[in-house]
Amino acid sequence: MLDLIIRGGRVVTPEGVSELDVGIQGGVIAAMTWPGTLDVEALRIIDAAGKIVLPGGIEPHTHIGIPVPRVWAGRSEVITQPPEAASRAAAFGGVTTFIDFAGNLPITPGETPSTNPIMQQVEERRNAFAGHSYTDFAFHYIMAGAVPPETIGQIGEAIQSGVASFKIFTTFNAARCPYGHLQDIFEQVAHHGGIMAVHAEDDDIVTHMEEKLKREGRDQGYNLHLVHNNISEDIAFRQILRLAYHTEVGIYFVHTTAKEGVAAIAEARAQQQPVYGETLHNYLEFTCEDYKKPGGTAIHTYPAIKYPEDRDALQEGLADGSLCTTATDEYTTYKDVKLSGDTIETVCGGHNGIETRLPVTYTKLVATGRISLERFAAITSTNAAKILGMYPQKGAIAVGSDADIVVFDPNLNKKLTLDDLHADSDYSIWEGFECKGYPVMTILRGKVIVEDGKLLGETSDGRWLSRKVAPGILARPMC
Ligand SMILES: [Zn+2]
């Protein structure tokens, strides 16, 4: 007797797309057979005829339940939406795992990064999410500022404890980690088998352009792409790539924004450097021209949305394999907070994105015939699982993997309204976006958590994931 059989769908597996029946037992995938040949009883049979059966979405980049800097919010004590709300939105959007952050990122000006032990900070975040998440979760560890040697000395222990990825910034005031410290961090992370998640911008160019635009009276928010610009991404990516080359560390570039970033990643991968690139789903749709519309900076996510040719290069990068993952940089606030600041220094980062990534990416790339269903599964789930150390437990419909599954209806067209979405927010940059295909059921470890627009999961369902990156991923580009 199985717990569940999903029957008659087009199943996207690591071997390709086939009509298969998927049997689930004890939270994992127990059997995959040709249609009608799974001759076992089950407590429930789901008819997926006409639907696509995909590995549950993995969202590799979220900022949930953290203080919003006063300079962005216009006031103190604003917090991005809590795990209950973010994971609820995730579940409705076909996402079964997200990776958020723990660590010592300073929020208020003048604040110095915390020096508490890495695992203490991870434990605090884990406790804040346990019992409060509908989906599984994990944390990258942020190393901000001039990281002290004692903290760098704890990297090995953290990796042993299941924290596989470390995030650094090359800009953003007190968050910026100097290159010397980066060399030490990269060496330690490489030595112990972790991977670096890197927010790469050239700090000199960013700060120079901020000063210059202010001086010239051009500091309106719609000029953000002139501050966080293409040259900055080009230089910063290449410096990180050289440092990574010398220290032999694997790199995961978060939120690639520009054609120059895509090119830098592609060149390094052609040299067999273990480098992987992420982009965001709002970067696939909008351009810096959209900043000028009324309330246009709502679409903004740092670094900045660039030109049409950059948007095209990001789409092409996802299609041709130069880029590996889509993410959202999920950062949900209310509209008054998001639009509080209207200058290049005060526009609030991020948006409520975790729910819309799968249907938007499907609409932009699959429905248009640009990519296959296999590639869609790769850039929304499988590659994040591989790069960030969760594969094959996550990211695959395969016997033995967690039964994290999204049933996707390619014929469900939906023009998004706020009523379709489930975040704690009062706006969406995706209102009016016409989705060609939409998730209709989300299954977490064999439990149906969303079905036909109804939330069936509980906040006690989500578990923290211990991660370990496979050595092959760190040796050469493997996905
Ligand atoms: Zn982020």
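The table below lists the values:
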{"item": "Total residues in segment 281-306, condition within 16 Å of the ligand (Cβ to nearest atom) and more than 17 Å from E233 (Cα to Cα)", "result": "3"}
{"item": "Qualifying residue in segment 235-254 (condition: within 20 Å of H300 (Cα to Cα), buried (at least 18 other Cβ atoms within 10 Å of the Cβ) and touching a Lys or Arg at 6+ places or on another chain (Cβ under 9 Å))", "result": "yes"}
{"item": "Criterion: within 16 Å of the ligand (Cβ to nearest atom) and among the acidic types (D, E) - qualifying residue of E309, E316, E345, E330", "result": "E330"}
{"item": "Qualifying residue in segment 215-223 (condition: out of contact with any Leu (no Cβ under 7 Å at 6 or more places or on another chain), without any contact (Cβ under 8 Å) to a residue 24 or more places away in the chain and within 23 Å of T287 (Cα to Cα))", "result": "yes"}
{"item": "Hits in segment 75-120 (condition: touching an Asp or Glu at 6+ places or on another chain (Cβ under 7 Å) and in a loop (DSSP other than H, G, I, E, B))", "result": "Q81, G93"}
{"item": "Where a residue in segment 136-165 is not assigned by TED's automatic domain parsing to the domain that holds V95 and its partner, wherever it lies, is not in a helix (DSSP H, G or I), with Cβ under 8 Å and at least six apart", "result": "none"}
{"item": "All helices (runs of 4 or more DSSP H) inside segment 350-405 with 2 or more residues being β-branched (V, I, T) and closer than 30 Å to L339 by Cβ", "result": "357-361"}
{"item": "Odd one out for D409 among (1) of a type in the set (D, E); (2) part of a loop (DSSP other than H, G, I, E, B); (3) over 30 Å from V198 (Cβ atoms)", "result": "(2)"}
{"item": "Condition check for E278: under 19 Å from K386 (Cα atoms) and either within 16 Å of the ligand (Cβ to nearest atom) or surrounded by fewer than 24 Cβ atoms within 10 Å (Cβ to Cβ) (or both)", "result": "yes"}
{"item": "Residues of segment 307-326 classified as over 15 Å from H281 (Cβ atoms) and either surrounded by 22 or more Cβ atoms within 10 Å (Cβ to Cβ) or not assigned by TED's automatic domain parsing to the domain that holds I251 (or both), total", "result": "2"}
{"item": "Of all residues making up segment 129-153, the number that are crowded, with 17+ Cβ neighbours inside 10 Å and more than 20 Å from the chain's Cα centre (by Cα)", "result": "4"}
{"item": "Selection from segment 249-275 of residues that are part of a loop (DSSP other than H, G, I, E, B), more than 16 Å from the ligand (Cβ to nearest atom) and without any contact (Cβ under 8 Å) to a residue 60 or more places away in the chain", "result": "A258, Q271"}
{"item": "Residue that is farther than 30 Å from K386 by Cβ, in a helix (DSSP H, G or I) and within 16 Å of the ligand (Cβ to nearest atom), where the choices are L213, L224", "result": "L224"}
{"item": "Any hit, segment 58-68, residues being part of a strand (DSSP E or B), more than 30 Å from I168 (Cβ to Cβ) and in contact with a strand residue (DSSP E or B) (Cβ under 7 Å, 6 or more places away or on another chain)", "result": "no"}
{"item": "Single residue of segment 350-371 satisfying the filter (surrounded by fewer than 19 Cβ atoms within 10 Å (Cβ to Cβ) and in contact (Cβ under 8 Å) with a residue 24 or more places away in the chain) that is nearest to the ligand (Cβ to nearest atom)", "result": "R370"}
{"item": "Hits in segment 435-479 - residues which are part of a helix (DSSP H, G or I), out of contact with any Gly (no Cβ under 6 Å at 6 or more places or on another chain) and buried (at least 17 other Cβ atoms within 10 Å of the Cβ)", "result": "I473"}
{"item": "Selection status of I99, more than 19 Å from F408 (Cβ to Cβ), in contact (Cβ under 8 Å) with a residue 40 or more places away in the chain and within 16 Å of the ligand (Cβ to nearest atom)", "result": "yes"}
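The values are calculated or read from the model by the stated rules, or taken from the named source; none is laboratory data. Quick caveat, the model's predicted, so the values are computed rather than measured. Using ideal geometry, Cβ is built from the backbone for each residue, glycine included, and neighbour counts are taken over all protein chains shown.
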